[in-house]
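Working notes for the structure below.
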Amino acid sequence: MIRRFLVLITLCAIVIVGLSTGQRALHAETVKPAPLDQNEYLHGTFELARHLDGFEEPLLSRGEFVISPQNGLIWKTTFPFPGITVLEDDGIFTITPNGYRNAIASGSETRQFVRMISSVLSGNWDTLQSQFNIAENITQSNTWEVVLTPSTNSAVATQVNRIAASGDIFVKTVTIKKPSSDQDVITFDDQVVGMLPLPPEFAKLFTDGTPE
């Protein structure tokens, strides 16, 4: 379960950051919006609908996220159960209600996930292109769709068959199809790009506990 969760939020971070912008125009020559700058962060809300084989209705979770190229990723679930996961240079942690940090993953695979996120947070698309075959399409004026298929030697090839992302100046929907018939549909809303420093309630969740 932990590995699947890490894969999910890693893929979300890759897609959100790799395709997100502030209030900026789409790149006409590449379709993709520009990545976040080093002095920016992205805050928004999400709803995850997990469609599992054998269940008539999807399992729903909701929450908010913060992505900062200088700090990392905060994935905060508020429904049905509260929980906070932080991905940063020092590792991957959960934050308890009383503020304690618990490491939940380590080793080469975890480091690979964190490096992948960090590269994309810095606007390095080479890492993403080495892991996925990418097909882009402009669906209508100022909207787009990107389909990512894991390369044969990709770290996520055994976990994911296909990722489809769509949006406008922000990523709006991500669908992750698994090798089984399961799939995750993540809808993003209320997205705003801000300038560092991070608000204190988010900054304190990272290891140094202070805004950049």
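If I filter segment 141-155 for residues that are aromatic (F, W, Y) and either modelled with pLDDT of 85 or more or within 16 Å of the chain's Cα centre (by Cα) (or both), do I get at least one hit? Checked against the condition, which is being aromatic (F, W, Y) and either modelled with pLDDT of 85 or more or within 16 Å of the chain's Cα centre (by Cα) (or both), segment 141-155 yields no hits at all.
Contact annotation: residue pairs with Cβ atoms under 6 Å, 6 or more positions apart or on different chains, pairing a residue in segment 50-70 that is over 28 Å from D89 (Cα atoms) with a partner that is assigned to a strand (DSSP E or B) and not aliphatic (A, V, I, L, M), are R50/D184; H51/Q183; P58/R50; P58/H51; L59/R50. Within segment 99-109, restricting attention to residues that are of a type in the set (G, A, S) and either closer than 19 Å to I67 by Cα or at pLDDT 80 or above (or both), the residue that is farthest from the chain's Cα centre (by Cα) is G99. Of all the numbered requirements in (1) under 30 Å from E57 (Cα atoms); (2) over 14 Å from the mean Cα position of the chain (by Cα); (3) in contact (Cβ under 8 Å) with a residue 40 or more places away in the chain, V174 misses one, and that requirement is (2). Residues that are touching a residue at least 40 places away in the same chain (Cβ under 8 Å), assigned to a strand (DSSP E or B), touching a strand residue (DSSP E or B) at 6+ places or on another chain (Cβ under 7 Å) and under 21 Å from A49 (Cβ atoms) do occur in segment 140-151. Taking the conditions (1) surrounded by fewer than 13 Cβ atoms within 10 Å (Cβ to Cβ); (2) β-branched (V, I, T); (3) modelled with pLDDT under 70 in turn, T96 satisfies each one other than (3).
Within segment 188-196, does at least one residue satisfy the condition of being among the aliphatic types (A, V, I, L, M), closer than 19 Å to P58 by Cα, in contact (Cβ under 8 Å) with a residue 60 or more places away in the chain and crowded, with 16+ Cβ neighbours inside 10 Å?
Step one: filter segment 188-196 for residues among the aliphatic types (A, V, I, L, M), giving 192-193, 195-196.
Next cut, closer than 19 Å to P58 by Cα only: none.
No, segment 188-196 contains no residue that is among the aliphatic types (A, V, I, L, M), closer than 19 Å to P58 by Cα, in contact (Cβ under 8 Å) with a residue 60 or more places away in the chain and crowded, with 16+ Cβ neighbours inside 10 Å.
The values are calculated or read from the model by the stated rules, or taken from the named source; none is laboratory data. Source: prediction; values computed, not measured. Neighbour counts are summed over all protein chains in view; Cβ atoms, including those assigned to glycine, are modelled from backbone coordinates with ideal geometry.
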